[in-house]
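K.L.:
Take this structure first; my questions come after.
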Amino acid sequence: MLNRVSSTFRRYIHPTKRFVLDNQTRKSYVAFANTTLFQYSYSNEIQSNFYSFSTSNSSIANNVSNLRIRDRMQFNIKPLNSIQNSGVSYRSLSTTAYTKEMQGMMTPDSALEELKKGNKRFLAKSPVDRDLLEQVDATSSGQFPYATVLSCIDSRTSSELIFDQGIGDIFSIRIAGNFVNDDILGSMEFTCKLAGTKLIVVLGHTACGAVKGACDHARLGNLTTLINKIEPAVAAVKEPLDESLRNSSNSAFVDEVAAQNVRMTMDNIRSSSEILAEMEKKGEIKIVGGMYDVGTGKVNFYS
């Protein structure tokens with residue numbers, strides 16, 4: 001790998017293999033340094049500070065893109081708190097994908113925290129700067145995601161985007177109304193029991209079209225069967241009593257039904273899958289719910 005970079009660059013990384021970050025916003029670097037993926041990639045550096053090396057040398061900037069973070073090159077020299085105020089630009093170069101070792105280090109709680117951090121980055125407009133094709137290469141021989149997200153097919157609710165995740169980071173299951181059936185439960189049993197994810201998130205969202213259909217008791221071809229699966233959540237929401245307010249024209253009612261649907265789906269997972277229920281009981285996984293606000297981009301979690 002070293003023979004692909006200039007002799008100038010070589011002086012910075014050899015023989016200690018210190019990594020040089022080139023021209024990108026320091027905001028992006030800080031975002032990457034705050035991810036569990038970064039911390040687990042550089043377990044020797046897991047303290048309160050993370051390290052980087054700054055440079056203005058253009059030849060370094062031209063060659064650094066050839067390097068892969070997963071080659072375990074160490075960040076070096078400057079503590080993060082000094083980087084944030086230095087005025088220097090950095091690139092996060094997140095080409096890393098989760099390995100089996102990294103996945104094994106995750107816990108249900110740390111997996112949830114990682115998704116929370118990702119949503120915060122999404123809201124702050126500071127996503128990790130990823131080389132997705134490098135992640136394609138890194139995951140070509142295997143995948144080790146840390147979480148499974150069940151969400152709606154709504155075009156506004158891509159889990160990879162709203163949680164700022166890369167290729168190989170999470171399993172994403174999508175169906176209108178984010179409910180479960182035997183096929184989805186089987187998929188979850190695969191992702192958790194066999195593939196090793198530590199977290200299941202049932203993610204609903206505001207202004208959900210499928211929920212609106214259930215509130216209005218819509219009937220249309222095969223959609224009717226789908227709507228029938230969400231209607232119990234409509235019945236479970238007792239307020240308002242006035243039938244004229246229990247339909248899709250009442251946005252507050254729709255959103256409350258969507259939240260109730262998430263809670264009932266969580267219960268259905270536990271009651272319908274002995275495998276997942278046992279894993280949660282043993283602390284091997286956690287099953288949580290969340291509501292995504294399509295107006296703000298924020299996810300609110302609940303257990």
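K.L.:
Out of region 186-216, which residues are closer than 18 Å to residue 228 by Cβ and surrounded by fewer than 23 Cβ atoms within 10 Å (Cβ to Cβ)? Give the steps one after another, and end with the answer.
P.N.:
The initial filter retains those residues of region 186-216 that are closer than 18 Å to residue 228 by Cβ, namely 204, 208-216.
Selection gives 209, 212, 213, 216.
K.L.:
Something else: Of all residues in region 156-183, which are part of a loop (DSSP other than H, G, I, E, B) and among the β-branched types (Val, Ile, Thr)? Steps first, please.
P.N.:
Of the residues in region 156-183, the ones part of a loop (DSSP other than H, G, I, E, B) are 156-158, 163-169, 175-181.
The answer is 157, 167, 175, 180.
K.L.:
Go through (1) buried (at least 21 other Cβ atoms within 10 Å of the Cβ); (2) out of contact with any Gly (no Cβ under 6 Å at 6 or more places or on another chain) one by one and return the number of the condition residue 113 breaks.
P.N.:
Single failed check for residue 113: (1).
K.L.:
Here are 182, 267: which of them is among the charged types (D, E, K, R), closer than 26 Å to residue 119 by Cβ and loosely packed, with under 15 Cβ neighbours inside 10 Å?
P.N.:
On the way: 182 fails: closer than 26 Å to residue 119 by Cβ.
Being among the charged types (D, E, K, R), closer than 26 Å to residue 119 by Cβ and loosely packed, with under 15 Cβ neighbours inside 10 Å holds for just one of 182, 267, which is 267.
K.L.:
Can you tell me which residue among 283, 221 is assigned by TED's automatic domain parsing to the domain that holds residue 151 and under 30 Å from residue 146 (Cα atoms)? Break it down into steps so the answer makes sense when it comes.
P.N.:
Numbers: 221 fails: under 30 Å from residue 146 (Cα atoms).
Criteria check complete, one pass: 283.
K.L.:
How many of the residues in region 191-233 are closer than 18 Å to residue 152 by Cα and charged (D, E, K, R)?
P.N.:
Number satisfying all stated conditions: 3.
K.L.:
Taking residue 278 as meeting all but one of (1) of a type in the set (Asp, Glu); (2) within 27 Å of the chain's Cα centre (by Cα); (3) closer than 18 Å to residue 179 by Cα, write down the number of the exception.
P.N.:
Answer for residue 278: the failing condition is (3).
K.L.:
Also, I was wondering about something else. Would you say residue 147 is in contact with a Lys or Arg (Cβ under 9 Å, 6 or more places away or on another chain), over 23 Å from residue 299 (Cβ atoms) and touching a residue at least 12 places away in the same chain (Cβ under 8 Å)? Walk me through how you get there before you give the answer.
P.N.:
Details: in contact with a Lys or Arg (Cβ under 9 Å, 6 or more places away or on another chain): yes; over 23 Å from residue 299 (Cβ atoms): no; touching a residue at least 12 places away in the same chain (Cβ under 8 Å): yes.
For residue 147, the condition - in contact with a Lys or Arg (Cβ under 9 Å, 6 or more places away or on another chain), over 23 Å from residue 299 (Cβ atoms) and touching a residue at least 12 places away in the same chain (Cβ under 8 Å) - is not met.
K.L.:
For a quick check of your reading: which helices (runs of 4 or more DSSP H) sit entirely within region 210-303 and have at least 1 residues that are polar (S, T, N, Q)? Before you say what the answer is, go through the steps one by one.
P.N.:
On the way: elements: 223-236, 251-272, 274-281.
The qualifying helices (runs of 4 or more DSSP H) are 223-236, 251-272.
K.L.:
Suppose the filter is modelled with pLDDT of 95 or more and crowded, with 20+ Cβ neighbours inside 10 Å; does residue 261 pass it? Walk me through how you get there before you give the answer.
P.N.:
Numbers: modelled with pLDDT of 95 or more: yes; crowded, with 20+ Cβ neighbours inside 10 Å: yes.
Answer is yes for this residue.
The values are calculated or read from the model by the stated rules, or taken from the named source; none is laboratory data. Keep in mind that what you see is a predicted model, and the values were worked out from it rather than measured. Backbone-built Cβ (ideal geometry, glycine too); neighbour counts: all protein chains shown.
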